[in-house]
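Just so it is clear, none of the values below were taken in a lab; they were calculated from the coordinates. These numbers come from a predicted model, not from an experiment. With ideal geometry, Cβ positions are generated from the backbone for all residues, glycine too; neighbour counts draw on all protein chains shown.
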There are 2 protein chains.
Amino acid sequence: MIELAAANSNVTRLRRLGQRRAAREAEGAIVVEAVKAIAEALRARRVESIFVRGGNHPTAESVEALLGPVDPAIPIYVLDPKTFDGAASTVTPQAAMAVVSWRPATVAEIAFDQGPVIVLDGVADPGNVGTIVRVADAAGAGAVFAGPRNADVTAPKVVRSAAGSLLRVPVVTSLTTEAAIAELQAQSVRCIGAVARGGVAYDAFDWSLPVALVLGSEAHGIDDAIGATLDGEVFVDMVPGAESLNVAVACAVLAFEIRRQRARGSAA
Amino acid sequence: MIELAAANSNVTRLRRLGQRRAAREAEGAIVVEAVKAIAEALRARRVESIFVRGGNHPTAESVEALLGPVDPAIPIYVLDPKTFDGAASTVTPQAAMAVVSWRPATVAEIAFDQGPVIVLDGVADPGNVGTIVRVADAAGAGAVFAGPRNADVTAPKVVRSAAGSLLRVPVVTSLTTEAAIAELQAQSVRCIGAVARGGVAYDAFDWSLPVALVLGSEAHGIDDAIGATLDGEVFVDMVPGAESLNVAVACAVLAFEIRRQRARGSAA
C-alpha cells in the first residue's frame, strides 16, 4: 500500500518516535533511517510503516528497488521532501525512514552460556553505545545491559551507529548497573571490569566460563562503588604514554579476545 | 603573555587553520580544541598560540589551572565568547583552543621493525580516521598512511577523535595507497589486507615479521586493483549474519592481536 501523502497522524507519530524516548518506550518502536538497516528490518518482519522522501514520484516498484520486497500489508507513505527532512535526525537524510518495532529485552530472554554479556556503566556518547551494540552483534555477545545512566539505546544516533545490530542483540535497559551485576552474579555469571590499569592482562585471563564485561564511562571509567562488587578486572595492554582506548574500541578488543579464546580453547 | 583581545590577524589565522586544509598544510599547523589535548601539546612543546574563551576575565593563572604550565613565550589571546564560538568547529566548544604545529611524516622517519603500519584506502569518515590514529597510538603502530582518498587527518573532527594521538603517531599523507604499498614492499614490509571474507583467520596469521595492515573504505572495502598488489589477506571471525565491523573497530582488533602475538611470541 503506497499513499502519496501521509495523514498528519502518521507524520506526527514518526516525529514523536524520533524525538521522544518516552514515546519509543510506550509504543515499543524506534525510527530507522538507514536504507540498509530498513531492508534488514523488513527481512526480520519488524517494520510497521515506511516513509519515503518524495520528489521523484516514488512507486511501489521504486521503493522495492531501494529496500527489497515489502509485505503489501506494510503502509508506505510518501512525504514531500521538506516534511521528510524535517522529521529526519540528520541534515543529509537517506531516501527512506521506517518505524520498526523494538522492545528492550528481559533477563529471562538472555543466553548466558554463549558469548559474553556487555554491561555499560555510564557510557554517555550515543555513537559509542551504538558501536558497542554492533560489536556485541559481531562478536556474538549474549546481550548488552544499558541502564538509565547510559545514552538511550533507542536514540536516533545510537540506532544509526548500531546499524542493523539493534534488531539482533537483546538490550536490557531497565536495570541499573548495580541491579544488573547482582542479577548476573545470581545467575553465576562472573562480572569482569575493563580498567585502564591494574587487574589481569586481558589475554592472560581465562574467559572459558560465563562472563559479563563491565565497561565504564568515557571520562571516569567504572564507578568506584560498582568496582567493589566486581569479580575481577582486566586491562588491555597499551603502549606506555598512549592515549587511552575509546570505550567501544576497548569493548571490541576484549569481546574478540573472548571469542578467539573460546574458539581456540585456551588463554594466551 | 596574555592579551585581552587578539589582534584581527590572529583570529583570522585561527579561523583559516580551522577551515582550510590548504592553510594547515602550507603553515604546518592544526587547531586543537580539547583542553586535555592542548595540555599534552604544551608538554610536547608543540603549541604556537592559545585562544581562551573570555567572559570570566581569564588570567595567566586561570589559564594554567586549565591547561597546566604555559611557556611565557607562548601568546595567550582572550576572545570574546561570540568570536571564540564562531571560530570553533563544534556547537559546544571547550574553554580553549590552540594552534599546534603539526606536519605529515615522511617514509624515512618511520620504524618498520616495531608495531605494524596502518594503511588507509578510502576511509572517508573523519571520526573513523581519528579513532584509527588513536588505536595506532595505543597499539604501538609505527605509522598511519592516510593518503588523498581518505578523510583529511588535520580536519577538526579527526583531530578531536584522535585526542592527543596525532602528536605521537607519524602520519604520512602524501602517498596514494598504491604508492604507499609499493614503498612499503620495497622496504620488505608485507602488506596485508583486512577483508570481510576470504583470507586467513586473523589470529591464525603469523604476525612476527614487519607488516602493514591495509584497511578499505567503510562502504566498499579495499579497492580491487589495490587488493591485487597485497601480500595476503586476513579476516576477523564474526558471528554468521552479523553486521560487519566498523573499520576503526576492525583496525583495533587486528592491531591488538598483532601486539598480543608479538608479546606472547606466537600465533593462536
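What the table below lists for this structure:
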{"quantity": "Over 22 Å between alpha carbons, listed pairs A:Lys36/B:Lys157; A:Lys157/B:Lys157; A:Lys157/B:Lys82", "calculated": "A:Lys36/B:Lys157; A:Lys157/B:Lys82"}
{"quantity": "Exam field: B:Arg15 pseudo-label spacings to other copies (7 Å along Cα-Cβ), nanometres", "calculated": "3.5"}
{"quantity": "Of A:Tyr202, A:Gly164, A:Ile38, farthest towards positive along the dipole that unit charges on Lys, Arg, Asp, Glu beta carbons give chain A", "calculated": "A:Ile38"}
{"quantity": "Ascending count of other beta-carbon atoms within 10 Å, so fewest first, for A:Arg21, A:Arg168", "calculated": "A:Arg21, A:Arg168"}
{"quantity": "For A:Asp224, inter-copy label distances in nm, listed shortest first [label point 7 Å out on the Cα-Cβ vector]", "calculated": "6.0"}
{"quantity": "Student exercise, chain B dipole from Lys, Arg, Asp, Glu Cβ charges, in Debye to nearest 20", "calculated": "600 debye"}
{"quantity": "Descending semi-axes in whole angstrom, ellipsoid equivalent of the range A:101-148, from the Cα gyration tensor", "calculated": "17, 13, 11"}
{"quantity": "Solvent-free Debye scattering, log10 I(q)/I(0), computed from the Cα coordinates of the range B:171-239 at q = 0.12, 0.22 Å⁻¹", "calculated": "-0.31, -1.00"}
{"quantity": "Debye-sum result for the range A:2-101 in log10 I(q)/I(0), which assumes one identical scatterer on each alpha carbon, at q = 0.12, 0.24 Å⁻¹", "calculated": "-0.32, -1.43"}
{"quantity": "Position B:Leu209, label points 7 Å along Cα→Cβ, spacing to each other copy in nm (shortest first, one decimal)", "calculated": "4.3"}
{"quantity": "Assigned charges on the beta-carbon of Lys, Arg, Asp, Glu; the range A:2-101 dipole about Cα centre (debye)", "calculated": "380 debye"}
{"quantity": "Listed residues A:Cys191, A:Val236, A:Asn128: farthest to the positive end of the dipole of the range A:107-264 (Cβ charges)", "calculated": "A:Asn128"}
{"quantity": "The range A:107-264: relative contact order as a whole-number percent, Cα under 8 Å and 6+ apart", "calculated": "28 percent"}
{"quantity": "Rh (Kirkwood; distinct C-alpha pairs) - the range A:107-264, Å", "calculated": "15.2 Å"}
{"quantity": "Nearest-ten-degree value, helix A:247-264 long axis tilted from longest Cα axis of chain A", "calculated": "70 degrees"}
{"quantity": "For chain B: span of alpha carbons on each principal axis (Å, largest first)", "calculated": "60, 38, 34"}
{"quantity": "Given charges at beta-carbon only (K, R positive; D, E negative), |dipole| of the protein assembly as shown in Debye", "calculated": "700 debye"}
{"quantity": "Computed Kirkwood radius, in angstrom, where 1/r is averaged over Cα pairs of the protein assembly as shown", "calculated": "24.8 Å"}
{"quantity": "Chain B, relative contact order in percent, only Cα pairs under 8 angstrom and at least six apart counted", "calculated": "18 percent"}
{"quantity": "C-alpha long axis of helix B:177-186 to longest principal axis of chain B, angle in °", "calculated": "60 degrees"}
